[in-house]
1. Quick one: count up the residues across the range B:125-143 that are surrounded by 15 or more Cβ atoms within 10 Å (Cβ to Cβ) and either modelled with pLDDT of 80 or more or out of contact with any Leu (no Cβ under 9 Å at 6 or more places or on another chain) (or both).
2. Could you check the range A:87-100 and list, in sequence order, the residues that are more than 17 Å from B:ALA73 (Cβ to Cβ) and more than 10 Å from chain B (Cβ to nearest Cβ)?
3. So which residues in the range B:78-104 are under 17 Å from B:ASP34 (Cβ atoms) and small (Gly, Ala, Ser), if there are any at all?
4. Have a look at A:SER32, A:SER20 and point out the one that is more than 14 Å from DNA strand C (Cβ to nearest atom), of a type in the set (Ser, Thr, Tyr) and either under 19 Å from B:ALA73 (Cα atoms) or not assigned by TED's automatic domain parsing to the domain that holds A:LEU131 (or both).
5. Answer yes or no as to whether A:ALA49 is under 21 Å from B:VAL129 (Cα atoms), surrounded by 14 or more Cβ atoms within 10 Å (Cβ to Cβ) and of a type outside the set (D, E, K, R).
6. Does at least one position in the range A:12-27 carry a residue that is crowded, with 16+ Cβ neighbours inside 10 Å, within 20 Å of B:LEU81 (Cα to Cα) and in contact (Cβ under 8 Å) with a residue 24 or more places away in the chain?
7. Do we have any residue at all in the range B:65-86 that's touching a residue at least 12 places away in the same chain (Cβ under 8 Å), assigned to a helix (DSSP H, G or I) and in the same structural domain as B:ALA24 (by TED's automatic domain parsing)?
2 protein chains.
Amino acid sequence: MSCASLYAPELRARGFRMTSQRKAILHVLHHSGDHLSPAEIFERARREAPGLTYPTVYRTLEFLAKNGLAMPAHIVGKKQLAYQIVGESHHHLICRSCGSSLEVGLDALEPAIRQLEASSGYRFINSHVTLLGLCPKCQKEAG
Amino acid sequence: MSCASLYAPELRARGFRMTSQRKAILHVLHHSGDHLSPAEIFERARREAPGLTYPTVYRTLEFLAKNGLAMPAHIVGKKQLAYQIVGESHHHLICRSCGSSLEVGLDALEPAIRQLEASSGYRFINSHVTLLGLCPKCQKEAG
DNA sequence: TAATTTATTGCAAAAATTTGCAATAAGGAA
DNA sequence: TTCCTTATTGCAAATTTTTGCAATAAATTA
Ligand SMILES: [Mn+2]
Ligand SMILES: [Mn+2]
Ligand SMILES: [Zn+2]
Ligand SMILES: [Zn+2]
């Protein structure tokens, strides 16, 4: 029983198909919960889906993002775009000097985002925000 | 008189150098104001800096982002990471179904971000947030 | 101005990501 | 179950992005 059964109805309702490749990738994202690079996802998912290829990994991640099942996150300083399963709302605050990071809970930005949902008419906003700043340590060093 | 003279002191104070390549790229970003892909930046900047190469463009954009002079933005549906000069604070709300987008003014999220600056100790947060949602039209179609 | 230091660049090659298209297989219909 | 339609995949090739390293040039000093 794969966790992919959670997502299958969602996809089929929109005319998409649940394939073994998508199951494997969703399984990896779902159980890791973390931000994973395409390469990490490829390595882990192909244990369940032998024959899996890189083009499929990239296309699937883009597909999941477009459909609101995964969130992309670009972290300055890391070259690869990472993906994470949609779950607990949270955001990232990263020091652009030393790279140290802080996870920001949903209470910080979420109210403003819900407000925006109301005023814009857009709905189902998945927020996965990466903010860049200077951490306290680097503020001192920079003067 | 290039607009790069605006940025030179900033860089030199941190031990970096203002080069003809950086001048050209800053000039392009500064006067466009828009989100530009590395390829667009390369094409425009090399008019002023002949001999400019792609590795330099990529390294410079990463450099400007790390130093708070430019903001990267990953737009789901577009493959390339785009960059924009740091200027008016604003955010993007994009429909993950049809791609239509809305610019979100600084009043929507900025108060929450200033609040976060206070509570986290991080400072000089450049926010350039891309939020994904479903626009009103696509909400109807999706049911 | 000339010399010095080293941040930055260009080049060539490697690695990552995207694309076109024919083959495959998921899901629905018979 | 078998047949159909077409969304999805794998493959090969194209394109984009990154990296190592020697050559270059910005800024400081003499
Ligand atoms: Mn995250
Ligand atoms: Mn923008
Ligand atoms: Zn820091
Ligand atoms: Zn839409």
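1. In the first step, residues of the range B:125-143 are kept if they are surrounded by 15 or more Cβ atoms within 10 Å (Cβ to Cβ); the result is B:125-135, B:138-139.
Imposing the further condition that a residue be either modelled with pLDDT of 80 or more or out of contact with any Leu (no Cβ under 9 Å at 6 or more places or on another chain) (or both) reduces the set to B:125, B:128-135, B:138-139.
Summing the residues that are surrounded by 15 or more Cβ atoms within 10 Å (Cβ to Cβ) and either modelled with pLDDT of 80 or more or out of contact with any Leu (no Cβ under 9 Å at 6 or more places or on another chain) (or both) in the range B:125-143 gives 11.
2. Hits for the range A:87-100 are A:GLY87, A:GLU88, A:SER89, A:HIS90, A:CYS98.
3. Of everything in the range B:78-104, those that are under 17 Å from B:ASP34 (Cβ atoms) and small (Gly, Ala, Ser) turn out to be B:ALA82, B:GLY87, B:SER89, B:GLY99, B:SER101.
4. Being more than 14 Å from DNA strand C (Cβ to nearest atom), of a type in the set (Ser, Thr, Tyr) and either under 19 Å from B:ALA73 (Cα atoms) or not assigned by TED's automatic domain parsing to the domain that holds A:LEU131 (or both) holds for just one of A:SER32, A:SER20, which is A:SER32.
5. Judged against the criteria, A:ALA49 is not a match.
6. Of all residues in the range A:12-27, those crowded, with 16+ Cβ neighbours inside 10 Å come to A:18, A:21-27.
Narrowing the set further to residues that are within 20 Å of B:LEU81 (Cα to Cα) leaves none.
No, the conditions are met nowhere in the range A:12-27.
7. Yes; the residues of the range B:65-86 include at least one that is touching a residue at least 12 places away in the same chain (Cβ under 8 Å), assigned to a helix (DSSP H, G or I) and in the same structural domain as B:ALA24 (by TED's automatic domain parsing).
The values are calculated or read from the model by the stated rules, or taken from the named source; none is laboratory data. On a predicted model such as this, the values are computed, not experimentally measured, just so you know. Cβ atoms come from the backbone with ideal geometry, glycine included; neighbour counts cover every protein chain shown.
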